[in-house]
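The values are calculated or read from the model by the stated rules, or taken from the named source; none is laboratory data. Here the structure is a predicted model, which is why all the values come from computation and not from measurement. Using ideal geometry, Cβ is built from the backbone for each residue, glycine included, and neighbour counts are taken over all protein chains shown. Side chains are part of the model used for accessible areas, which takes the heavy atoms of the whole protein and leaves out ligands, DNA and RNA. Shrake-Rupley method; radii C 1.70, N 1.55, O 1.52, S 1.80 Å.
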Amino acid sequence: MKTTVVALREASVQAAVGSAGRKPSVSALASEPAYDGDIASWEKAAGKLWQEKKLPKSGLCVVLPDHAVTVRVLTAPQMPPKQLQELVDHEMTVRGEEPVAADYQLLGTDAEGKLQLLACACRRTVMEEYLAMFSRLGLRVSSVTTALAGYVRLLAAMDEMRGKTCIWLLFERGSVLSLLVEAGAYRYSGRTQIFSEAGTLDFAAEVARNVSGTVQFHTASRSEHVIDTVYYAGCDDGDFAACAPELSAMGLRAEPLPTPECLRSLPGRARMGDWIDCVSALLR
């Protein structure tokens, strides 16, 4: 059965039709600008996509925008899934504020055998706004996820990342998400604004400061693992080339984020990194 992923991004709506699973495949990709990055512009863009591309109207998996989601890494003792969900609901709800819709993804265990959880939450009223938008368009949503949850699944599925300690830089319009990978596992992530034009020296300086901050965070944790590579996605190779000299001076290689072997197909000459929100959401 085909799955249609819809990613609400800072400046666009992206859609991918494919088969979800441990080895997903993508049969169709489509994108429409949504420059304002709000409900009205996303609704207009999505409406145009479905009208022009005749995409499936049911079974949608929606990737929420980052600003709509709160993310935390929680530590929990070994317990059944139902109790873990109750713990996440409690930890992600702020007393005195409105209820949230929360869920979690297992990251692994720490040195003491306790569970590490990636917990994500969205205010219920906000979630209802997104669902209402798709309802107005006559589209039926079957699941909702977050971009970061997809990145963590992608990381776990990539043989190329086994045991790697590195940084992912995921660009989206005027911002970049820095994701720290330690010994092949998710460690930390944070989004910052990029104010300079891509490919310029100022852009390279901003990227270098961003990477330096992540390296300092890693160093402060007294990890025995050494960062050796910066992988990037969502940025043209030619534009990112300006960053290579500064990163090299820090002892770091710069490489585009590789397409995982588990991805069976991608249409045409599409680059996985440009569609990472959609592709990673198809991983199970």
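Residues of segment 8-44 that are within 16 Å of GLU129 (Cβ to Cβ) and buried (at least 20 other Cβ atoms within 10 Å of the Cβ): LEU8, VAL13, ALA34, TRP42. Within segment 45-57, the set of residues being part of a helix (DSSP H, G or I) and either more than 16 Å from GLY18 (Cβ to Cβ) or open to solvent by 20 Å² or more (accessible area, probe 1.4 Å) (or both) comprises ALA45, ALA46, GLY47, LYS48, TRP50, GLN51, GLU52, LYS53. Within segment 253-284, the only residue that satisfies the criterion of being open to solvent by less than 20 Å² (accessible area, probe 1.4 Å) and acidic (Asp, Glu) is ASP277.
When ALA16 is tested against (1) part of a strand (DSSP E or B); (2) modelled with pLDDT under 95, exactly one condition is not met: (2). Here the condition is being open to solvent by 70 Å² or more (accessible area, probe 1.4 Å), β-branched (Val, Ile, Thr) and either assigned to a loop (DSSP other than H, G, I, E, B) or closer than 27 Å to LEU170 by Cβ (or both); of VAL94, VAL63, it holds for VAL94 alone.
Taken over segment 147-157, the residue count meeting the criterion of being in contact with a Cys (Cβ under 8 Å, 6 or more places away or on another chain) and surrounded by fewer than 21 Cβ atoms within 10 Å (Cβ to Cβ) is 1.
In this entry, PRO267 is excluded by the filter for residues that are within 19 Å of the chain's Cα centre (by Cα) and either closer than 25 Å to VAL26 by Cβ or modelled with pLDDT under 95 (or both). For ALA119, only one of the following conditions fails: (1) under 18 Å from TYR186 (Cβ atoms); (2) in a loop (DSSP other than H, G, I, E, B). What is its number? Failing condition for ALA119: (2). Do the conditions hold for ALA121, that is, is it surrounded by 15 or more Cβ atoms within 10 Å (Cβ to Cβ) and in contact with a helix residue (DSSP H, G or I) (Cβ under 9 Å, 6 or more places away or on another chain)? For ALA121, the condition - surrounded by 15 or more Cβ atoms within 10 Å (Cβ to Cβ) and in contact with a helix residue (DSSP H, G or I) (Cβ under 9 Å, 6 or more places away or on another chain) - is met.
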